[in-house]
Amino acid sequence: MGARETALNALIACRKNGAWSNGVLKEYVQRDRLDSRDAGLAAHLCYGVLQNRQKLDFYLKQLLTGKLKDLHPAARDILHLGLYQIYEMDKIPESAAVNESVGLAKKYCKKLRSAPGLVNAVLRSAVRGREELKAPRGWQEIYSHPQPLIDLLMKRNIPFRCPKRDFGLFSAKTTRDVVAFMEFLQDQKNVDAFRRICYKGGFYLDKKTVEIACKTVQMKGITFTQALREQAKAPRPPG
């Protein structure tokens, strides 16, 4: 089993069972015995699709001849994986993205005989027509955040440009949980409470991001929203 199939299994588990992406992905990487290179690709694909679902759906709506809501769920996951590779990953050959996705459709959409042909046609259209598709403009399509979260960010003047590679709180199961977390960050200066909710509360922030935020709050006496805002604005080291 390769990285793409492992990523697909994780996406399906997240969709069907409400699984946490970081936990289920780690489990599947171990189950499928991926080496470090394939494990990294699986993680890139899984988190990339989860963080960009609405953006990918925005493109799908332009590429499909039918309605998005009528698409087989597994076929939609596979198309998300294919589109993410084509539009968001420079080092993946387009032919590999298309062919591997067709192979996944044959295996995971057996009851839908038209799925492989559909996946092939849509992804080839994506390759040919990438310059003709409309670019996303709204916050939902650009950042793939749910509207209630966008409303909260705008109301509270919290920046949209969070460092997604590190700041993955938007992978939480429900919008209500995310909104509650954002409210928590707004006025919170309790380092122990912040660590607890990040590490044990189901919100994925990597350890480096958490500890930098804690140090900033302790040194400057600011809230975690302000500390994370500083991280979002800070220049990243090269590489």
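The table below gives the values:
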quantity	calculated
Built amide H within the under 5 Å cut-off of LEU112, gap 5+	none
Ranked MET219, MET1, criterion: other C-beta atoms within 10 Å, fewest first	MET219, MET1
For region 26-72, size of Cβ-based charge dipole, Lys and Arg +1, Asp and Glu -1, in debye	180
Charged-residue dipole, Cβ positions (Lys, Arg, Asp, Glu), region 3-128 about Cα centre, Debye nearest 20	500
For region 1-55, convex hull of alpha carbons as volume per residue, Å³	66
Greater than 18 Å apart at Cα, pairs in LYS26/LYS110; LYS91/LYS134; LYS16/LYS69	LYS26/LYS110; LYS91/LYS134
Pair SER95, LEU133: separation of 7 Å Cα→Cβ label points (nm)	2.1
Residue order, fewest to most surrounding Cβ atoms within 10 angstrom, among ASP77, ASP90	ASP90, ASP77
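Just so you know, all these numbers are worked out from the coordinates, no wet-lab data involved. Just so it is clear, the structure is predicted and the values come from calculations on it, not from any experiment. Cβ atoms come from the backbone with ideal geometry, glycine included; neighbour counts cover every protein chain shown.
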